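What follows is a set of notes on a single structure, which appears directly below.
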Amino acid sequence: TQRALHQAGIHTVGAGSNLRQARQGTILDVNSKKIGFLSYSLTFPKSFWADDDHPGTAFGHEKQIRQDIKRMTQHADLLVVSFHWGQEKTTELREYQPLLAHAAIDEGASLVIGHHPHILQAVEKYKQGIILYSLGNFTFGSYSRAADSSVVATVEFRDQQFHTLQL
């Protein structure tokens, strides 16, 4: 899948042929700014997670997240961190979600975007960043009425800091 996406000129993030590649991240040049992206998955099964010798997704260990963000912020003007996390079909956050989101922003991320619950979850302004715990179920088919609502977020930054959010 990654090879096909790269051949089509589409960048990928959060997966790779080993854990090092899955944690690498990517940087895009947008309007003369370097926007960095990191992505992690905190959902099971473990067989989806990359390790030193096997392909998969980057699991969100706090220590690794902090290391990756420190590395990426040296090269990016803004950093977006994405988490596949939380419990499906509930607005209640799992205990680790705000902990990891806050850790990401504490290390230098500007925006945290979560997905997996298939329903809307909280939005939080934290220090100089913004956290969107789950935007809902925009493109994933479901028979559940609980998954009928979703939003598209427009986030504006000025001088490398969060300025406005429109949902």
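At a glance:
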{"item": "Number of the exception - LYS70 against (1) within 15 Å of ALA109 (Cα to Cα); (2) in contact with a Lys or Arg (Cβ under 9 Å, 6 or more places away or on another chain)", "result": "(2)"}
{"item": "Tabulated pairs, the stretch 94-105, first among the small types (Gly, Ala, Ser), second assigned to a helix (DSSP H, G or I) and buried (at least 19 other Cβ atoms within 10 Å of the Cβ), C-beta under 8 angstrom, 6+ apart or interchain", "result": "ALA103/ILE65; ALA104/ILE65; ALA104/ILE69"}
{"item": "All positions within the stretch 72-90 that are open to solvent by less than 90 Å² (accessible area, probe 1.4 Å) and either free of Cβ contacts under 8 Å to residues at least 24 places away in the same chain or of a type in the set (Gly, Ala, Ser) (or both)", "result": "ALA76, SER82, GLY86"}
{"item": "Qualifying residue in the stretch 148-156 (condition: open to solvent by 60 Å² or more (accessible area, probe 1.4 Å), at pLDDT 90 or above, among the hydroxyl-bearing types (Ser, Thr, Tyr) and not in a helix (DSSP H, G or I))", "result": "yes"}
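Results for (1) within 13 Å of the chain's Cα centre (by Cα); (2) loosely packed, with under 15 Cβ neighbours inside 10 Å; (3) touching a residue at least 12 places away in the same chain (Cβ under 8 Å), shown as yes or no for each residue.
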position: ALA15; (1), (2), (3): yes, no, yes
position: LEU38; (1), (2), (3): yes, no, yes
position: LEU42; (1), (2), (3): yes, no, yes
position: ASP52; (1), (2), (3): no, yes, yes
position: PHE59; (1), (2), (3): yes, no, yes
position: GLN67; (1), (2), (3): no, yes, no
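The values are calculated or read from the model by the stated rules, or taken from the named source; none is laboratory data. If you're wondering where the values come from, they're calculated on a predicted model, not measured in any experiment. A quick note on method: Cβ atoms are made from the backbone with ideal geometry, for glycine too, and the neighbour counts reach across all protein chains shown. Side chains included, ligands, DNA and RNA excluded: accessible areas come from the protein's heavy atoms. Shrake-Rupley method; radii C 1.70, N 1.55, O 1.52, S 1.80 Å.
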